[in-house]
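Engineer: Can you read through this structure? Questions will come right after.
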Amino acid sequence: VAACLAWFLAVLILGLERPTFAPIAAVIVLGLAVGERLRRALELTLAVAFGVAIADLLLSVVGVGAAQAGVFVVLAMGLAVFLGGGELGVKEAAISAMIIMFTYTPSAAGFPIDRFLEALIGGGTALLINALLPVNPERMVEDAAYPVFDESAAVLEEVADALEDGDAKRVQRAYVKARAIDARVSGLKEAVAAGRETARLALPRRRSLGHMELYTRAADQIDLTVRDVRALARAALSVVQPEAEDPVPERLLAAIRGLARATEALAAYLQTSGVPPEETRRLALEAASEASKLLEAHEDLASNLGVNALVDQIHSSAVDLIGGTGMDRSEALQALEEATGRASW
């Protein structure tokens, strides 16, 4: 749609019989505008336009060739840097310079204003299409959030199962999996930022703004919960006892599995925004309470540094999960203290 509209606008506005670069610029910019911020999309539009102008102007003087290609890329990227363009804008300026070389036809005017304006028309068309036919921000964010919560809950379940079996290698594998979730958190934050902007700027998606705000407020807490999963898996490495006579107490396993359930409940709360946050809070506090009762029931474990570190991490995880529902941290710490008799920092 953007390519077709850019073609017809270039014909209508510039009077061209065969627009060359307007559809290309529309496709290039739309690829960014769908999932990036408006400032970067505008930056890319200008980068494409300047890349076209530089290449067309110089080609009219020195012609087409391998040496010219290298010079054009350097000049286009240099100008983009001088104008304050980001990494993507610098690359697209170079790409635009190369494309115009491939499609070069001599320009009658001294300055290739038509192709410069074509690029602006194509970029403007892409931004217009992105506003009128925007991506679904809720689906975009949920697609990014699902693996974060799903994999976090799976790691917690695997840690509990490994502790139950006394399998140190399995705990180590769970820790490696927990570390891999970090990359997904970065993708989630980018999706939340893009989804929020789409909902704010695109009228057809304005109704999603409240849901995007919910994810925006929870994004940092989700980051903390992922770190908690990794820290918990690492703490479990000092507790697992291969071939031990006494199995890991059931309450410790129940606490870790309870955190997995709380993680799933937080995902449901954020996804639907209709599930009450009380379920996440209840499950998280019950998990913390089970961990505390373990130390009260086993005096020998109360003096075990590894077990205490794991219990403290369970408490921290519970506080961050509660924070993901919008509860203030001081209130979350107070709720934890009431449930367990212990505070967490």
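Engineer: Counting only protein heavy atoms, what percent of the accessible surface of region 112-270 is carbon or sulfur at a 1.4 Å probe?
Structural biologist: On region 112-270, the fraction of accessible area on carbon and sulfur atoms equals 51 percent.
Engineer: Moving to a separate point now. Got a sec? What order do 186, 152 fall in by accessible area at 1.4 Å, biggest, i.e. largest, first?
Structural biologist: If we order 186, 152 from most to least accessible, we get 186, 152.
Engineer: Quick one: length gained pulling residue 268 to residue 203 fully straight, 0.36 nm per residue minus the C-alpha distance?
Structural biologist: Taking 0.36 nm per residue and subtracting the Cα distance, the gain is 20.8 nm.
Engineer: Something else now. Would you please put 3-9, 202-208 in order of how densely packed they are, using the mean number of other Cβ atoms within 10 angstrom per residue and starting with the highest?
Structural biologist: So the peptides 3-9, 202-208, ranked by packing, come out 3-9, 202-208.
Engineer: Calculate one ³J(HN,Hα) per residue across region 197-203 by plugging θ = phi - 60° into the Karplus curve 6.51 cos²θ - 1.76 cosθ + 1.60, and present them in order as whole Hz with x for glycine and proline.
Structural biologist: Calculated HN-Hα couplings, in order: 5, 4, 5, 6, 9, 9, 4 Hz.
The values are calculated or read from the model by the stated rules, or taken from the named source; none is laboratory data. Keep in mind it's a predicted model, so treat the numbers as computed, not measured. Cβ atoms come from the backbone with ideal geometry, glycine included; neighbour counts cover every protein chain shown. What goes into the accessible areas is simple: the full protein's heavy atoms, side chains included, and nothing from ligands, DNA or RNA. Shrake-Rupley method; radii C 1.70, N 1.55, O 1.52, S 1.80 Å.
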